[in-house]
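The values are calculated or read from the model by the stated rules, or taken from the named source; none is laboratory data. These numbers were taken from a predicted model, which means no experiment stands behind them. Here the Cβ positions follow ideal geometry from the backbone for every residue, glycine too, while neighbour counts run over all protein chains shown. Accessible surface is based on the protein model in full, side chains and every heavy atom, while ligands, DNA and RNA are left aside. Shrake-Rupley method; radii C 1.70, N 1.55, O 1.52, S 1.80 Å.
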Amino acid sequence: MSRKETYENKTEELLRPIAEAEGVEIYDVEYVKEGSDFYLRAYIDKPEGVDINDCERVSRALSDALDEKDFIQDAYILEVSSPGLGRVLKKEKHLEKSMGREVELKTYQPVDKCKEFRGILKAYDGNSITIETVSGDLVFTKSEIAVIRLAFDF
């Protein structure tokens with residue numbers, strides 16, 4: 001397991017009881033380097049949506065827990081937020097909750113001269129994702145997909 005995965009998994013373990021106590025669910029945890037800075041990001045959600053107060057309470061409790069365990073060697077910036085309207089669908093639980101909803105999908109390589117697709121999330125399994133478009137169903141292998149996220153219009 002990579003250092004990144006270790007940090008994300010340990011942070012999620014610390015976050016579980018905090019999220020439960022605050023009445024939110026963990027959407028995702030990521031540890032990334034952007035420029036010269038490392039970021040530890042926790043995304044939380046609840047059916048009616050999270051607000052700044054939810055994020056603040058979870059952030060304070062998680063910061064204290066991280067300080068106590070002190071397993072991250074690098075200096076990092078902690079961020080706690082909502083996954084947002086155009087949330088990335090990384091995990092199986094994200095796909096499950098998004099069945100029947102409109103998604104935007106981007107591929108690494110062009111498929112029929114196109115790299116961006118939009119449609120209704122129709123099916124998924126361990127290897128593929130199917131979206132329903134106006135021109136029919138499209139099936140993509142997970143290795144072809146750069147990103148899939150919920151679509152939203154302004």
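Candidate cross-link partners of K106 among the lysines, defined by an alpha-carbon separation under 28 Å and a same-chain spacing of 8 or more, comprise K4, K33, K46, K90, K91, K93, K97, K115, K122, K142. Rounded to the nearest 10 degrees, the angle from helix 3-22 to the longest Cα principal axis of the chain is 80 degrees. Remark: spin-label model distance R101-E68 equals 3.3 nm, labels positioned 7 Å along the Cα→Cβ axis.
Taking the Cα centre of region 25-154 as reference, the dipole from Cβ charges on Lys and Arg (+1) and Asp and Glu (-1) amounts to some 480 debye.
Once the Cβ-Cβ distance between E48 and R118 is put in as r, and R0 is 30 Å, what FRET efficiency do you end up with, to the nearest 0.05?
Computed FRET efficiency for E48 and R118: 0.65.
Our estimate of slack between L78 and V139, defined as 0.36 nm per intervening residue step minus the Cα-Cα distance, is 18.3 nm. In percent, rounded to a whole number, the relative contact order of region 60-123 is 24, using alpha-carbon pairs under 8 Å and six or more apart.
Take the Kirkwood radius over Cα pairs of the chain, plug it into Stokes-Einstein at 4 °C and 1.567 mPa s, and you get 76 µm²/s for translational diffusion. Averaged over its residues, the chain has an accessible area of 61 Å² per residue, based on protein heavy atoms and a 1.4 Å probe.
Considering helices alone, the calculated mean residue ellipticity of the chain at 222 nm is -9500 deg cm²/dmol, with DSSP H runs of length four and up weighted by -39500 (n - 2.57) and normalised per residue.
Grab the beta carbon distance between Y108 and E132, set R0 = 25 Å, and tell me the FRET efficiency rounded to 0.05.
Rounded to the nearest 0.05, the efficiency is 0.70.
Y39 sits with roughly 40 Å² accessible to a 1.4 Å probe, with DNA, RNA and ligands left out of the calculation.
Here the convex hull built on the C-alpha positions of region 71-138 has a volume of 158 cubic angstrom per residue.
Using the Stokes-Einstein relation with a Kirkwood hydrodynamic radius computed over Cα pairs, the translational diffusion coefficient of region 1-87 at 20 °C and a viscosity of 1.002 mPa s comes to 163 µm²/s. How large a share of the accessible area of region 3-78, in percent, is made up of carbon and sulfur atoms when the probe is 1.4 Å and the other protein chains stay in place? Carbon-and-sulfur percentage of accessible area, whole number: 43.
For the Cα atoms of the chain, what angle does the longest principal axis make with the long axis of helix 52-69, in degrees from 0 to 90, nearest 10? For 52-69 against the chain, the angle is about 60 degrees.
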